[in-house]
Amino acid sequence: MCGIVAYLGDRDAYPVLIKGLHRLEYRGYDSAGVALLNGEINLYKCKGKVSDLEEHIKGLNNSGNGKNIGSANTSGTLGMGHTRWATHGLPNDVNAHPHFSGSDSLVIIHNGIIENYSTLRKGLEKRGFKFRSETDTEVLVNLIEDIQQNEKVNLPEAVRIALNEVVGAYAIVIISKNEPDLLIAAKKGSPLVIGIGEGEYFLASDATPIVEYTKNVVYLKDEEIAIIHRKKELKIINIKNQKQTPYIHELEMELEELEKGGYPHFMLKEIYEQPRSIRDSMRGRLAWNKKSVILGGIRNHEQKLVDAKRIIIIACGTSWHAGLVGEYLFEELARIPVEVEYASEFRYRNPVIYEDDVVIAISQSGETADTLAAIELAKSKGATIIGICNVVGSSIPRTTHAGSYTHAGPEIGVASTKAFTAQVTLLTLMALSLAQKRKTIDQSRLEKIISELDKIPEKVQEVLETNDKIKTIAKKFKNARNFLYLGRGYSFPVALEGALKLKEISYIHAEGYPAAEMKHGPIALIDEEMPVVIIAPKGGSYEKVVSNIQEVKARKGIIIAVVTRGDQLVKEMADYIIEIPETEDILMPLVSSIPLQLLSYHIAVMRGCNVDQPRNLAKSVTVE
Ligand code: G6P
């Protein structure tokens, strides 16, 4: 987690850093800081968000020495900025990044975890180093300083030697007071992108702070060190001191995608983008005659999928919920057994993996540490790994054997919405393509589903038009303390996702459950104060769900039902209904998840919560 940004060039670095930090704030937002070099290093940092940092800097008087207590000298054409999601040490002013080395001549920002920091710290303390913070990061910068002093090597070499002693993950940027033209960056496990402009360089955790200045980027690879000099070409070495050739990618991202475009929150914008993002995720993948599905990214490995005895889906959070929809899809359409695994559990439980297994890793960010580690494990056992990712050039697509991008566009709101529906779209396409190749589906049924899939963006649009009604329902429940979400079949993962969305952004406790399983426990919670959201579209297990609604009703629970438009039966039983258009059972999650996103959004806004940056969360979880 944590967002890092840095600049070296002719511009004033401070505005570039602050703007960049705002873009990266989704990665963590418990404290923030900047350091600028202008003769001396001026460092400002504080607990809170990037806007708190800006206020803090504005409020400083002219009496101090520039070390977080004095004149706010933000000039300088070389600088770095950080927005933190705490791992080691509380989120406070002292633990905020950047961190000085003992002599104040080096300054560092870091994203990741140095696992052997405690041993390193003890060694440094014995050699006289004093620590100001509890962070693992301060250990690293002092280690670099120690090496520089004792081994009399230059800064890049000291960084290289230090990184050979470090166990863990890092993306770091280092500046020295004595080197006004030099910026050193390195990465392992955490992402780092270098933007190359005309005589200027930008560094960031992802490309969003860079895109408005240049489209030419280099994605640093693990254990690479970038030596960036104001007057020289970018030089990259690895930690074994071997020269690497930078490969320049062209960014496809557009600046407008990173702005709110008139919406009060990114989350709402992203919910409303879904007709477009689902369409973009299908674009070019449905054959012109709508008789087949083409997934170019996995073509070379498709036979492995066709022959797979088993598919294992690994993911975390919302992506895991998409994976659960995938399980239903692959089993129903392609008749391949599927296991859906939390990456964090899978990686540590010595799972049985065969060479003819296909592992599908799903991740919006493409950076989730547990998912990456689970991929490496499955790869080491010989399985074929297919990725479903949203962020182009991120770590997961570069680790997998093949994969497909979701094309949802940048998702900034921490609570995932459009990425989820894009993932489900992709899984649907994969399941259809496999079913066709494995001959487990009739051609006429396949064509019917494809044609219905093609209509999903319009149906999602129709649901968005019921926003006002959903807002009215939200108002009634904004003070609820608990929520239950129930669904069966394809609506079960939707219930889980609906509950997750609500708890993430409104801090109301919510549980998702298979509707029939309710009677084995959660039914004890139901009373006249318990809102129960039941996803009950026609088709599938509709009749069974109707019985479950009766069970809730009999215990005086308040029923908010998501139903197929025109459903009279449930309308008569429910206290509130949200109508959605009819579609194929297997495509229903794409439609039925939308009202639940809107419900959570409105409840959270009415409770005064920060929907785009909920407390304690981060969008890209690069620590395990
Ligand atoms: C974090 C985010 C979730 C996301 C999960 C997995 O917890 O807050 O929204 O679902 O990580 O992330 P990924 O990028 O791998 O989909």
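Scan region 261-286 for residues that are surrounded by 16 or more Cβ atoms within 10 Å (Cβ to Cβ) and part of a loop (DSSP other than H, G, I, E, B) and jot them down.
Passing the criteria: H265, E273, R285.
Go through (1) in contact with a helix residue (DSSP H, G or I) (Cβ under 7 Å, 6 or more places away or on another chain); (2) farther than 30 Å from K471 by Cβ; (3) within 16 Å of the ligand (Cβ to nearest atom); (4) at pLDDT 95 or above one by one and return the number of the condition E367 breaks.
(4)
With more than 24 Å from T368 (Cα to Cα) and of a type in the set (V, I, T) as the only criterion, which of I172, I210, I184, I194 stands out? So that I can check it myself, show each step before the final result.
Details: I172 fails: more than 24 Å from T368 (Cα to Cα); I210 fails: more than 24 Å from T368 (Cα to Cα); I194 fails: more than 24 Å from T368 (Cα to Cα).
Testing whether each residue is more than 24 Å from T368 (Cα to Cα) and of a type in the set (V, I, T) leaves just I184.
Name the residue, out of D222, D206, that is assigned to a loop (DSSP other than H, G, I, E, B), in contact (Cβ under 8 Å) with a residue 12 or more places away in the chain and more than 22 Å from G79 (Cα to Cα).
Of D222, D206, the one residue that is assigned to a loop (DSSP other than H, G, I, E, B), in contact (Cβ under 8 Å) with a residue 12 or more places away in the chain and more than 22 Å from G79 (Cα to Cα) is D222.
Going by the conditions given, is L427 within 16 Å of the ligand (Cβ to nearest atom), of a type outside the set (V, I, T), open to solvent by 10 Å² or more (accessible area, probe 1.4 Å) and outside any loop (DSSP other than H, G, I, E, B)? Spell out how you get there, then give the answer.
Details: within 16 Å of the ligand (Cβ to nearest atom): yes; of a type outside the set (V, I, T): yes; open to solvent by 10 Å² or more (accessible area, probe 1.4 Å): no; outside any loop (DSSP other than H, G, I, E, B): yes.
Answer is no for this residue.
Among the listed residues S593, S547, S620, S541, which satisfies the condition of being more than 21 Å from K469 (Cβ to Cβ) and within 16 Å of the ligand (Cβ to nearest atom)?
Matching residue, one of S593, S547, S620, S541: S620.
Among the residues in region 444-458, are any surrounded by fewer than 21 Cβ atoms within 10 Å (Cβ to Cβ) and not in a helix (DSSP H, G or I)?
no
Would you be able to tell me the number of residues in region 344-355 that are under 22 Å from H301 (Cα atoms) and open to solvent by less than 70 Å² (accessible area, probe 1.4 Å)?
Number satisfying all stated conditions: 1.
Only strands (runs of 3 or more DSSP E) wholly contained in region 527-624 count here; list those with 3 or more residues that are of a type in the set (V, I, T) and without any contact (Cβ under 8 Å) to a residue 40 or more places away in the chain.
558-564
Kindly indicate whether any position in region 315-323 is outside any helix (DSSP H, G or I), within 12 Å of the ligand (Cβ to nearest atom) and open to solvent by 10 Å² or more (accessible area, probe 1.4 Å).
Taking region 315-323 and keeping what is outside any helix (DSSP H, G or I), we get 315-316.
Still in the running and within 12 Å of the ligand (Cβ to nearest atom): 315-316.
If we keep only those that are open to solvent by 10 Å² or more (accessible area, probe 1.4 Å) too, we end up with 316.
Yes: region 315-323 contains one or more residues that are outside any helix (DSSP H, G or I), within 12 Å of the ligand (Cβ to nearest atom) and open to solvent by 10 Å² or more (accessible area, probe 1.4 Å).
Name the residues in region 287-297 that are open to solvent by less than 30 Å² (accessible area, probe 1.4 Å) and either within 15 Å of P457 (Cβ to Cβ) or out of contact with any helix residue (DSSP H, G or I) (no Cβ under 7 Å at 6 or more places or on another chain) (or both), would you?
The one that is open to solvent by less than 30 Å² (accessible area, probe 1.4 Å) and either within 15 Å of P457 (Cβ to Cβ) or out of contact with any helix residue (DSSP H, G or I) (no Cβ under 7 Å at 6 or more places or on another chain) (or both): A287.
Based on this model, can you work out whether K381 counts as away from the ligand (no atom under 16 Å from the Cβ) and either touching a Pro at 6+ places or on another chain (Cβ under 9 Å) or under 27 Å from L220 (Cβ atoms) (or both)?
On the way: away from the ligand (no atom under 16 Å from the Cβ): yes; either touching a Pro at 6+ places or on another chain (Cβ under 9 Å) or under 27 Å from L220 (Cβ atoms) (or both): yes.
When the stated conditions are applied, K381 passes them.
Under 9 Å between Cβ atoms, at least 6 apart or on separate chains: pull out the pairs that start in region 110-137 with a residue that is part of a helix (DSSP H, G or I) and end on any residue that is polar (S, T, N, Q) and exposed (fewer than 13 other Cβ atoms within 10 Å of the Cβ).
Short answer, once both residue conditions are applied: D136/S118.
Residues are listed down the side, and each one gets a yes or a no for (1) more than 13 Å from the ligand (Cβ to nearest atom); (2) in contact with a helix residue (DSSP H, G or I) (Cβ under 6 Å, 6 or more places away or on another chain); (3) farther than 22 Å from Y348 by Cα:
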{"residue": "V391", "(1), (2), (3)": "no, no, yes"}
{"residue": "K418", "(1), (2), (3)": "no, yes, yes"}
{"residue": "A431", "(1), (2), (3)": "yes, yes, yes"}
{"residue": "E447", "(1), (2), (3)": "yes, no, yes"}
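Out of curiosity, is G393 in a loop (DSSP other than H, G, I, E, B) and in contact with a strand residue (DSSP E or B) (Cβ under 6 Å, 6 or more places away or on another chain)?
Taking the combined requirement at face value, the residue satisfies it.
Any residue at all in region 500-513 that is within 28 Å of N548 (Cα to Cα), in contact with a Pro (Cβ under 6 Å, 6 or more places away or on another chain) and part of a strand (DSSP E or B)? Show your work before the answer.
Step one: of region 500-513, the residues within 28 Å of N548 (Cα to Cα) are 500-513.
Now restrict to residues that are in contact with a Pro (Cβ under 6 Å, 6 or more places away or on another chain): 504-505, 513.
Still in the running and part of a strand (DSSP E or B): 513.
Yes, region 500-513 contains a residue that is within 28 Å of N548 (Cα to Cα), in contact with a Pro (Cβ under 6 Å, 6 or more places away or on another chain) and part of a strand (DSSP E or B).
If you check A435, A402, which single one turns out to be more than 11 Å from the ligand (Cβ to nearest atom), buried (at least 21 other Cβ atoms within 10 Å of the Cβ) and more than 13 Å from the chain's Cα centre (by Cα)?
On the way: A402 fails: buried (at least 21 other Cβ atoms within 10 Å of the Cβ).
Just a single option satisfies the conditions, and that option is A435.
Go through I360, I336, I375 for me and flag whichever is more than 16 Å from the chain's Cα centre (by Cα), open to solvent by less than 10 Å² (accessible area, probe 1.4 Å), within 14 Å of the ligand (Cβ to nearest atom) and under 13 Å from R310 (Cα atoms). Quick ask: steps written out before the conclusion?
Values: I336 fails: within 14 Å of the ligand (Cβ to nearest atom); I375 fails: under 13 Å from R310 (Cα atoms).
Residue meeting the stated conditions: I360.
The values are calculated or read from the model by the stated rules, or taken from the named source; none is laboratory data. Note that the structure is predicted; figures quoted are calculated from it, not measured. Because the Cβ atoms are built from the backbone with ideal geometry, glycine has one as well, and the counts that use them run over all protein chains shown. Please note that ligands, DNA and RNA were not included when accessible areas were found on the heavy atoms of the full protein model with its side chains. Shrake-Rupley method; radii C 1.70, N 1.55, O 1.52, S 1.80 Å.
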